[in-house]
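The values are calculated or read from the model by the stated rules, or taken from the named source; none is laboratory data. Keep in mind that this is a model prediction, so the values were computed, not measured. Counting neighbours? That spans all protein chains shown, and the Cβs are built from the backbone with ideal geometry, glycine included. For accessibility, only protein heavy atoms count, side chains too; no ligands or nucleic acids. Shrake-Rupley method; radii C 1.70, N 1.55, O 1.52, S 1.80 Å.
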Amino acid sequence: MKKLTLILFFVPIFWLCNGQSEIAIKNDKADSLLKVENYLESYTILKEIYPKISKKDPIYSTVLWNLGVSSTALEYSYRFSEKYDTALVYAMEALKFIETGIPIFGEKFAVRKYWMHKNLLVSYFELKNLKKFEEEKSFLYKSYAAKKLPEGIDEYFNFSYFKWKDKNIWGYEWFLELPDDRWSSSFTKIVYYVYSTNEDGGDKDQLFRFHVLMFHQSKKDAKFDYILERQMEVDDNLVSGSYYSYLYSKKIDYVKLKKDIIEILKKDIQPDSKRVMKNKLTLPTEKTSPIHQKTI
């Protein structure tokens, strides 16, 4: 009877230890895959073991962190490949893991959720889900007003990304609103950056950019608010020119704007005017912000 009692006592412990050992082995494998940037296999393994781990288990926080890393990297990869449906799936997964991790990793970790909301916004726009796009944009503007946004998206944010032939096109919007005094200063609300690409499809050189630029006029007489302008650096000069037939109201039609950009690129439409200035206009590029959000 004593032998039977001992067997019954040790069997559950054996099963428990064996289960824990299996989870530890799989976690180590997932971690190794993550280090060599095999994000999909790592994510698949981590997603399998995550529900089996107690929150009191020492490896819980590691698994949660690595799930955030792998899902964020996968979101970036699919978005950069213009597979926006799949990018959305991983963005929502990453956001879930980020929000779960905030009580564990602290408030500095919490800023990652704003980047992921920005990523959601891009995919929604490119999928023409304008309702969700506006919801995400509203979230960013409210977060901006509350001064919650992290450096890199605290003044502007990427809302559009697509490839055209061998070019990468990045659309950015500034949070500042159109001034009442249309003569006060130069004001740009949106910029589309056009880049040449490396062999791996990444950005190489900025070729030029399209500005949605405030038109200097009396506000009461205004029939439109913005005009499209192309700017590029040539030697030490800033060469710019306006497109008089591409005009926009204060409430910008984002879909039309993107179509206009593609039309200009496709038909190689040149600006209707030309100005040359010695001083360069410095604006942020994709290389200084969202591109670094491949992993967390």
Given backbone amide H placed at 1.01 Å from N, residues whose amide H is under 5 Å from that of LYS148, ignoring those fewer than 5 places away on the same chain, are none
Residue span ILE262 to ASP235: 0.36 nm per residue of separation minus Cα-Cα distance leaves a gain in nm of 7.1 nm
Hits in region 190-210: amide N under 20 Å from the 7 Å Cα→Cβ extension of ASP166, namely 193-209
Answer in debye to the nearest 20: the dipole magnitude of region 85-200 about its Cα centre, from +1 Lys/Arg and -1 Asp/Glu charges placed on Cβ, is 200 debye
Taking region 101-247, the whole-percent share of alpha-carbon pairs separated by over 19 angstrom is 64 percent
In Å², rounded to a whole number, the accessible area per residue of region 55-212 with probe 1.4 Å is 45 Å²
Extension length gain for SER196 and GLU48 (0.36 nm per residue less Cα distance), in nm, is 49.3 nm
Highest mean packing first, using Cβ neighbours within 10 angstrom, the peptides 206-214, 236-244 sort as 206-214, 236-244
Excluding ligands, DNA and RNA, the carbon-plus-sulfur percentage of the accessible area of region 110-235 with a 1.4 Å probe reads 49 percent
Residue span LYS204 to LEU127: 0.36 nm per residue of separation minus Cα-Cα distance leaves a gain in nm of 25.1 nm
Counting only backbone N atoms under 20 Å from a point 7 Å out along Cα-to-Cβ of GLU177, the residues of region 132-155 in range are 134-149, 154-155
